[in-house]
Amino acid sequence: MTLPPERQRALERQALAILASGGGWNERTRGRMAALAAANGVDPAALAFAAASQQAMGVAAADAASEAVRAGQGAAPVQREAPRPPRAHSVGIGAGLAILAAAFAVSVALVLYAVERAERLRRAATAPVAAAAASAPTRPSRAQPEPAPAPAPVADGAVAARSVPPVPAMYARPPVLRVDGSPAWSRAALETVAADEPELLATQARLAAGGQATEADRVLWARVAAAFLRSWPVLEDARRAEVLAALASAFARLGDAELRDRLLADIEPAVTEERTLPESLWCDPGYAGLRQALASPAADPAAAFAEGALAALGPRGAEAADVVLAGDPAAAADAVDAWLQATEGATAAPALRMERDVRVLAFLDRLLRRDAPMGRPGTSADAAGTLLDALGWTGDAARRAGIEASLRAWLEDPSISAAALHGMTSVLAARRPGAWWNPWLVSGERAGMPERSRTADRFRAALASGAGEDLPADPRPATRMRGVPPDLVDRWVRVSRTALAARPTGDPAARIAAAAAQVAMVEAARLLERGRLSDAQARIVQVEDPDGIAPDDLDRWKGRVERNPGRAGGADGRLEQDLRARQSADDRVAFLRSLRSRSVGDLGPLDAAALAREALASPSRPLRAAAQAVATDILQDGPNTVAALAAEAHAAADAGEVAALAAAIARQPVPRGSDADRRAQSALLLMDHHAALVPAERHRIDSVSREFTYSANAVAAALGGQGLTGDAAPEDALAQWLAARQAESRGVLPPAVAARLAARADGRRRMAMPGPQRAVAELVSILEIDAAVVAERAPRLRPVVDGVVRRSAAERAAAADAFAQLESVSRALLDVAVAGVAPAAGGEP
């Protein structure tokens, strides 16, 4: 709007007064300038520019006048003597100041223009959405971001509210410590507990029945107790309680009080000698908890242990915080993870979940009060991300209220710096703890107390809106994906369920693609477990894309798209009719022999199926021999005939005949082994030969088979093994995956179980033929190890994963071809992975 000149000059003088009284251009004067412009209907940028220009010209004029006074020219009458021009350097100073002030005014105007233009664009973009939301039926929402407060005129001395959310600190990756679910120094202890647990339970039962304790019993008890102290946080809750109950029950019967005290003294030196972090964060609280459990025979051993462990763990958080502030990423990851796992293990009971949050919040309080640099990438930010992930943001109302109270106390405590709060809330923004989060929950880097109080109010409203996001009673997954954002785990589960629901039929390439997608999701789970979030996300996105893992229909070797099906006869289906028209077996044999003189190349699908039944499943040996001769003499390169023989191989009346027939048609050595093995190997030979006969189909299969190699190489590298090149055979890459998985599982599985699974894998590999059959064998071995690891870490899931393994074995035994076997084992592999991460989504026995 254009104002009259007098009004414009008056408005500019008011703006100039605002700048002069407010100490220049700042947050306060910007708000007052915006209010003045809004009240008079003018552009705030233009008003600020005019005021700054007036101020700049005033400064220049005042400088010139003062310079003239100092030169003795200020009192001379104008009428009597012409003013002498100022010295050159005085004019230069005045002009320079004027130019600087004008440049400052221009920069301010440009900033205001950019802010106003961005605001107009935002309103224009959100207007259609707001209109649609206003016209849509109202329904409850779990979390709505708080709207940005509109700029409003403020009185002199008041602090204006922000018009845009604070900018959070930026991180190259989501801040979180890279940790190992079971530290290397605890694996030997885990192995000892797993190996000796059955013997301890048997000893407990024998002593409870009135048996006499022996020195061997006491040695066993001390060995298991010492190993338990080094591994109790990584034991599943039920298993930890079971071991504690056995230790407490057996201890009371191992001898008199003096002998029992000596037993405790025997395991105490192993603790006192290890005062270095992180081992002592498990051993010291574990020893205190064990003593309390043994001293209270009438109490629940698990509850008594938790009480004693928590009491000893309390002061140790300060030591872990010191390690974080020292800045060594590896040491900080070990210390924080050991402290956090011990805290979670000691607060596993539902009644102690609030205590878990209290301990984690106390750790964060130490970092805040010591001004840990959480606002920039580094150890402090990573530690804060790990700790914030451990809080019950979407737990029950009491837990959310406790977290909100701590946040308010921090934000309203002047002794905690604004920079520290900005860093912590920036880490929280990067972690995205729930759907309730919104950008206004970041505390400004230079926020004053009023703004910090408003942020506290926003936290209270946001956490109250997250009431519909309650997690299960125990949100910790069986595979301990610590450091992985919950929304990423949820996404993995959702995509895995979609992959498990896929049931392609018919097209072999599509069936292999579905199996490759399922194996790719298992790969993503292993990458998530080891903190390789970006790689895992890329794989998840690929599986989500309908064309991400799909057969390539372009035959790049032949330059064509269409497939080359086998040639069908002009009247397909006549062969079975002609055979039925002949009553005697001799007539049928003669008829089949007559076909050998024809040059047909291939049969139609119906006639090929009829010939395959006669060649392999007929009760008459001469009839089978005649049909086999037709297949090998004139139809061995017919795709329809070869496919029909492969489908009928499992129903062959004589395993030796189908092995000889498959070897002759495929021009390969005759399969050896048991009858079942020969039938299976014959089917694979025939399927391989069929793939060679249809180049376009072979290419489509190869295009998705490479996905198994990619997944195997990625998992092997993540587990610390050696991957192969991208063009390696899938079965060779899967063997590397198996080797790396075997090495990793030795710290979890009992030695006897690991040895048995390794022997089964070796035997399976020796029996399998190169190609798809060996790939299936390697996947079956990986499946058995994964199932054993999940069952070992979560005993309650043992019936589920055992059922998945049994079902897969039955499906493979009844499979019509290698593709069906590959589908079955891939689906079972992902079923077990889902059961370990989200038991409710896993397979059923």
Response to the item:
Note on region 582-609: residues aliphatic (A, V, I, L, M) and more than 11 Å from Asn640 (Cα to Cα) are Ala585, Val589, Ala590, Leu592, Leu595, Val600
Worksheet, complete the sentence: Of the residues in region 649-664, those that are surrounded by fewer than 22 Cβ atoms within 10 Å (Cβ to Cβ) and within 26 Å of Ser597 (Cα to Cα) number 4
Item to complete: For Glu412, state whether it is touching a Lys or Arg at 6+ places or on another chain (Cβ under 9 Å), acidic (Asp, Glu) and open to solvent by 50 Å² or more (accessible area, probe 1.4 Å).
Response: yes
Practice prompt. Could you tell me whether region 739-762 includes any residue that is within 25 Å of the chain's Cα centre (by Cα) and under 22 Å from Ser496 (Cα atoms)?
Written response: yes
Worksheet item: Quick one: is Pro315 in contact with an Asp or Glu (Cβ under 9 Å, 6 or more places away or on another chain), of a type outside the set (Phe, Trp, Tyr) and at pLDDT below 90?
Response: no
Worksheet item: If you check Val801 against the conditions, is it in a helix (DSSP H, G or I) and in contact with a Ser or Thr (Cβ under 6 Å, 6 or more places away or on another chain)?
Response: no
Worksheet, complete the sentence: Checked region 411-428 for anything under 27 Å from the mean Cα position of the chain (by Cα) and of a type outside the set (A, V, I, L, M); matches are His422, Gly423, Thr425, Ser426
Worksheet item: Does Ala743 meet the test of being open to solvent by less than 50 Å² (accessible area, probe 1.4 Å), assigned to a helix (DSSP H, G or I) and among the hydrophobic types (A, V, I, L, M, F, W, C)?
Response: no
Discussion item. Of the residues Arg399, Arg446, Arg431, Arg408, only one is within 24 Å of the chain's Cα centre (by Cα) and basic (Lys, Arg); which?
Written reply: Arg431
Practice prompt. Search region 762-780 for residues that are within 19 Å of Val522 (Cα to Cα) and at pLDDT 90 or above and pair each with any residue that is in a loop (DSSP other than H, G, I, E, B) and open to solvent by less than 50 Å² (accessible area, probe 1.4 Å) when their beta-carbon atoms are under 7 Å apart and the residues are at least 6 apart or on different chains.
Written response: Ala777/Ala768
Worksheet item: Do we have Arg408 as closer than 14 Å to Ala462 by Cβ, modelled with pLDDT of 90 or more and basic (Lys, Arg) here?
Response: yes
Item to complete: Would you point out the residue of region 402-435, among those that are assigned to a helix (DSSP H, G or I) and without any contact (Cβ under 8 Å) to a residue 12 or more places away in the chain, that is nearest to Leu368 (Cα to Cα)?
Response: Ala409
Worksheet item: Quick one: in region 692-711, which of the residues that are in contact with a Pro (Cβ under 7 Å, 6 or more places away or on another chain) and of a type in the set (A, V, I, L, M, F, W, C) is modelled with the highest pLDDT?
Response: Phe708
Discussion item. Can you tell me how many residues within region 321-342 are among the small types (Gly, Ala, Ser), more than 28 Å from Ala252 (Cβ to Cβ) and in contact with a Pro (Cβ under 8 Å, 6 or more places away or on another chain)?
Written reply: 2
Discussion item. So, restricting to helices (runs of 4 or more DSSP H) that lie completely within region 241-352, which ones have at least 2 residues that are open to solvent by 50 Å² or more (accessible area, probe 1.4 Å), free of Cβ contacts under 8 Å to residues at least 60 places away in the same chain and over 30 Å from Val176 (Cα atoms)?
Written reply: 257-267, 269-272, 280-295
Discussion item. Taking the condition of being in contact (Cβ under 8 Å) with a residue 60 or more places away in the chain and over 17 Å from Ser163 (Cβ atoms), how many residues in region 440-464 meet it?
Written reply: 4
Worksheet item: Out of all the residues in region 447-463, is one or more among the acidic types (Asp, Glu), outside any helix (DSSP H, G or I) and open to solvent by 10 Å² or more (accessible area, probe 1.4 Å)?
Response: no
Response to the item:
Among (1) more than 30 Å from Ala195 (Cα to Cα); (2) without any contact (Cβ under 8 Å) to a residue 60 or more places away in the chain; (3) open to solvent by 10 Å² or more (accessible area, probe 1.4 Å), Ala735 falls short only on (1)
Worksheet item: Just to be sure, is Thr379 within 24 Å of the chain's Cα centre (by Cα), surrounded by 19 or more Cβ atoms within 10 Å (Cβ to Cβ) and within 17 Å of Leu325 (Cβ to Cβ)?
Response: yes
Worksheet item: Which one of these is more than 59 Å from the chain's Cα centre (by Cα) and either hydrophobic (A, V, I, L, M, F, W, C) or over 18 Å from Ala691 (Cβ atoms) (or both): Leu595, Leu661, Leu606?
Response: Leu595
Response to the item:
Subset of region 756-812, residues open to solvent by 50 Å² or more (accessible area, probe 1.4 Å), within 16 Å of Leu738 (Cα to Cα) and out of contact with any helix residue (DSSP H, G or I) (no Cβ under 8 Å at 6 or more places or on another chain), comes to Arg756, Ala759, Asp762, Arg766
Discussion item. Suppose the filter is in contact with a Leu (Cβ under 9 Å, 6 or more places away or on another chain), surrounded by fewer than 20 Cβ atoms within 10 Å (Cβ to Cβ) and not aliphatic (A, V, I, L, M); does Gly638 pass it?
Written reply: no
Worksheet item: Residues in region 665-680 that are closer than 12 Å to Met769 by Cα and open to solvent by less than 10 Å² (accessible area, probe 1.4 Å): how many?
Response: 1
Response to the item:
Within region 188-224, the residues that are surrounded by fewer than 16 Cβ atoms within 10 Å (Cβ to Cβ), of a type in the set (Val, Ile, Thr) and assigned to a helix (DSSP H, G or I) are Val219
Worksheet item: over 50 Å from the mean Cα position of the chain (by Cα), buried (at least 19 other Cβ atoms within 10 Å of the Cβ) and not aromatic (Phe, Trp, Tyr), is that true of Leu645?
Response: no
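The values are calculated or read from the model by the stated rules, or taken from the named source; none is laboratory data. These numbers come from a predicted model, not from an experiment. Glycine also receives a Cβ, built like all others from the backbone with ideal geometry; neighbour counts cover every protein chain displayed. Protein only, heavy atoms only, side chains kept; ligands, DNA and RNA dropped before computing areas. Shrake-Rupley method; radii C 1.70, N 1.55, O 1.52, S 1.80 Å.
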